[in-house]
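Here is the structure we will look at, set down as structure tokens.
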Amino acid sequence: MSRTLFRTKNVEQSIRDTEEPEHALKKTLSALDLTVFGVGVIIGTGIFVLTGKVAKENAGPAVSLSFVIAGVVCALAALCYAEFASTVPVAGSAYTFSYATLGELPAWIIGWDLVLEFALGTAVVAVGWSGYIRSLLDNAGWHLPDYLGSRDGAHGFGFDILAAALVLVLTAVLVVGVKLSARVTQVVVAVKVTVVLIVIIGGAFFVSGANYSPFVPPSQPVAAAGSLKAPLIQLMFGFTPSSFGVLGIFTAASVVFFAFIGFDIVATTAEETKNPQRDMPRGIIGSLVVCTVLYVAVSIVVTGMERYSKLSVDAPLADAFKALGHPWFAGVISFGAAVGLTTVCMILLLGQTRIFFAMSRDGLLPRFFSHVHPRFKTPHRPTVLLGGVIAVIAGFTSLSELAELVNIGTLFAFVVVAIGVVILRRTRPDLPRSFRTPLVPVIPALSVCASLWLMLNLPTETWLRFVVWLALGVILYCCYGRRHSRLATRNKS
């Protein structure tokens with residue numbers, strides 16, 4: 001029994017599976033495309049909203065250091081992803097990597113986990129995008145009916161038609177081809193980064209040095225929570241994070257870390273990259289570096305424009321410009337946020353479909369979904385299925401309480417990939433590696449510890465939901481995946 005649960009799929013077989021004509025994805029992406037994908041999915045509402053929230057509540061002007069710390073944590077994981085993605089250039093990211101190292105059941109669990117995380121992430125982002133668009137339409141004097149603009153519409157019925165429409169349009173773009181997706185992303189990311197640079201350069205003229213004093217405000221204790229909403233680490237060890245001071249910087253880092261989530265999705269496109277051995281590390285690490293620089297710059301500007309204690313939580317950048325008598329910037333920022341969420345939504349959907357496709361090609365999900373489109377060479381069946389499901393979820397459901405599941409799932413994937421790098425180094429030292437994670441096993445160990453620390457700071461109820469979802473996944477694997485796995489059928493023959 002344990003042999004079947006932890007049977008591994010060797011790297012050579014994984015690569016051979018990508019060469020089957022009816023299951024092969026088209027290789028069209030370059031290092032620039034990958035970097036743009038990474039920047040496109042990382043920069044979202046976090047840069048426009050999260051900066052002010054953590055500055056006001058956790059770190060003060062030192063929030064810029066929190067972004068640096070969070071960027072370092074992500075860099076540790078990025079180095080591990082870069083080695084795997086260049087060594088095993090197969091769709092599926094953490095799912096494929098764990099299949100080659102930890103075994104079939106762990107691979108199924110991580111794949112099942114990521115399918116949920118990306119689905120919820122796509123739906124949540126689509127709902128957020130809809131809110132920005134409705135705000136812009138209201139400013140222009142155009143108003144949607146309540147029952148089409150919100151899930152909390154009139155008479156208890158509401159369907160967010162804008163959120164659903166966005167998902168369906170992006171689904172069509174992904175079906176037509178990943179290169180078209182890359183071109184659309186390049187245009188949208190260019191607009192988004194331009195807006196961010198306008199905010200940084202424009203805001204720099206209104207910076208006051210007095211707002212940076214004190215740069216690290218005095219530490220303040222945080223009242224302990226006593227319910228399932230309390231961080232798991234608090235219930236386990238009685239540890240309560242503090243606001244401000246040195247510990248406040250690290251507390252803020254655990255919050256702003258989630259603004260970086262997304263660079264790992266670049267690894268899901270390894271199979272569609274022209275030269276993955278060279279371009280995967282460049283795309284993964286390059287996008288992370290660009291976003292870290294932009295995040296730090298924005299945090300320095302916004303805390304210099306307005307006293308950290310006066311920053312708004314909902315729209316700190318826009319409100320900071322309003323407070324200085326420049327409301328025009330508020331419209332620019334809202335436009336940038338709406339544009340930015342478009343690419344976030346599309347790339348999350350892209351990553352999810354590639355993982356679903358890889359699991360189907362391995363037989364853990366019905367093989368029906370592993371056939372590519374005869375013309376576009378894209379996994380059109382899982383793209384249409386998942387796009388339709390997510391459009392319905394985004395239209396009908398409020399997902400604010402489930403959003404944290406996206407975070408714990410991503411951190412779980414970071415842990416798996418870091419462990420997998422060490423295992424593959426020992427089991428397959430002969431594999432050609434165009435990129436090697438430095439200081440193995442030190443860097444992977446640091447990545448595991450940092451990810452686990454951030455996971456422990458998530459609410460206990462998030463852990464409970466996560467465990468329930470994984471338990472459902474194990475049941476599904478035992479009922480279907482274990483018997484239909486291609487490794488199982490090959491062993492029988």
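The values are calculated or read from the model by the stated rules, or taken from the named source; none is laboratory data. Values in this document were obtained by computation on a predicted structure and should not be read as measured data. Don't worry about glycine lacking a Cβ; one is built from the backbone with ideal geometry, like all the others, and counts go over all protein chains shown.
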I want to confirm something. Restricting to segment 244-267 and keeping residues that are part of a helix (DSSP H, G or I) and more than 23 Å from GLY44 (Cα to Cα), which single residue is modelled with the highest pLDDT? GLY245
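Conditions tested, residue by residue: (1) under 26 Å from LEU464 (Cα atoms); (2) among the hydroxyl-bearing types (Ser, Thr, Tyr); (3) over 16 Å from the mean Cα position of the chain (by Cα).
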residue: GLY336; (1), (2), (3): no, no, yes
residue: VAL344; (1), (2), (3): no, no, no
residue: GLY351; (1), (2), (3): yes, no, no
residue: ILE355; (1), (2), (3): yes, no, no
residue: ILE393; (1), (2), (3): yes, no, yes
residue: ALA413; (1), (2), (3): yes, no, no
residue: VAL422; (1), (2), (3): no, no, yes
Scanning segment 125-143 for residues that are crowded, with 23+ Cβ neighbours inside 10 Å and β-branched (Val, Ile, Thr) gives VAL125, VAL127
Take the conditions under 20 Å from PRO89 (Cβ atoms) and either small (Gly, Ala, Ser) or in a helix (DSSP H, G or I) (or both) and apply them to ILE443. Does it pass? no
Failed condition for ILE475, given (1) farther than 21 Å from TYR81 by Cβ; (2) surrounded by fewer than 16 Cβ atoms within 10 Å (Cβ to Cβ); (3) of a type outside the set (S, T, N, Q); (4) under 25 Å from the mean Cα position of the chain (by Cα), with all others met? (4)
Within segment 456-470, residues charged (D, E, K, R) and within 10 Å of ILE408 (Cβ to Cβ) come out as ARG465
So PRO214 passes all but one of these: (1) under 30 Å from ALA119 (Cα atoms); (2) not in a helix (DSSP H, G or I). Which condition number does it fail? (1)
What pairs come out if I take residues in segment 205-221 that are of a type outside the set (Gly, Ala, Ser) and pair them with residues that are loosely packed, with under 12 Cβ neighbours inside 10 Å whose C-beta lies under 9 Å away, six or more apart or interchain? PRO217/SER309
Somewhere in segment 18-41, is a residue among the small types (Gly, Ala, Ser), within 30 Å of SER213 (Cα to Cα) and either part of a helix (DSSP H, G or I) or touching a Lys or Arg at 6+ places or on another chain (Cβ under 8 Å) (or both)? no
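Residue-wise test of (1) at pLDDT 90 or above; (2) surrounded by fewer than 17 Cβ atoms within 10 Å (Cβ to Cβ); (3) more than 20 Å from LEU341 (Cβ to Cβ).
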residue: ARG381; (1), (2), (3): yes, no, yes
residue: PHE396; (1), (2), (3): no, yes, no
residue: LEU399; (1), (2), (3): no, no, no
residue: GLU404; (1), (2), (3): no, no, no
residue: ILE408; (1), (2), (3): no, no, yes
residue: VAL415; (1), (2), (3): yes, no, yes
Within segment 446-477, residues being part of a strand (DSSP E or B) and of a type in the set (Ser, Thr, Tyr) number 0
Residues of segment 299-333 being of a type in the set (S, T, N, Q) and crowded, with 20+ Cβ neighbours inside 10 Å, in sequence order, are SER299, THR303
Candidate set: segment 270-281, residues that are buried (at least 19 other Cβ atoms within 10 Å of the Cβ) and not small (Gly, Ala, Ser); chosen: the one farthest from SER181 (Cα to Cα): PRO281
Looking at segment 425-432, is at least one residue part of a helix (DSSP H, G or I), more than 15 Å from GLY121 (Cβ to Cβ), over 24 Å from the mean Cα position of the chain (by Cα) and among the basic types (Lys, Arg)? yes
Sort out which residues of segment 44-62 are buried (at least 24 other Cβ atoms within 10 Å of the Cβ), in contact with a Leu (Cβ under 9 Å, 6 or more places away or on another chain) and modelled with pLDDT of 85 or more, and write them in order of number. ALA55, ALA59
Residues in segment 132-150: is at least one at pLDDT below 90 and closer than 26 Å to ASP264 by Cβ? yes
Can you name the number of the only condition in (1) in a helix (DSSP H, G or I); (2) surrounded by 24 or more Cβ atoms within 10 Å (Cβ to Cβ) that ALA91 fails? (1)
Can you tell me which of ALA270, ALA182, ALA164, ALA190 is among the hydrophobic types (A, V, I, L, M, F, W, C), part of a helix (DSSP H, G or I) and without any contact (Cβ under 8 Å) to a residue 24 or more places away in the chain? ALA190
Being surrounded by fewer than 24 Cβ atoms within 10 Å (Cβ to Cβ) and either within 10 Å of VAL175 (Cα to Cα) or of a type in the set (Lys, Arg) (or both) is true for just one of ARG354, ARG361, ARG367. Which residue is that? ARG367
Restricted to segment 14-34 and to residues being of a type in the set (Val, Ile, Thr) and at pLDDT 85 or above, the residue nearest to GLY177 (Cα to Cα) is THR28
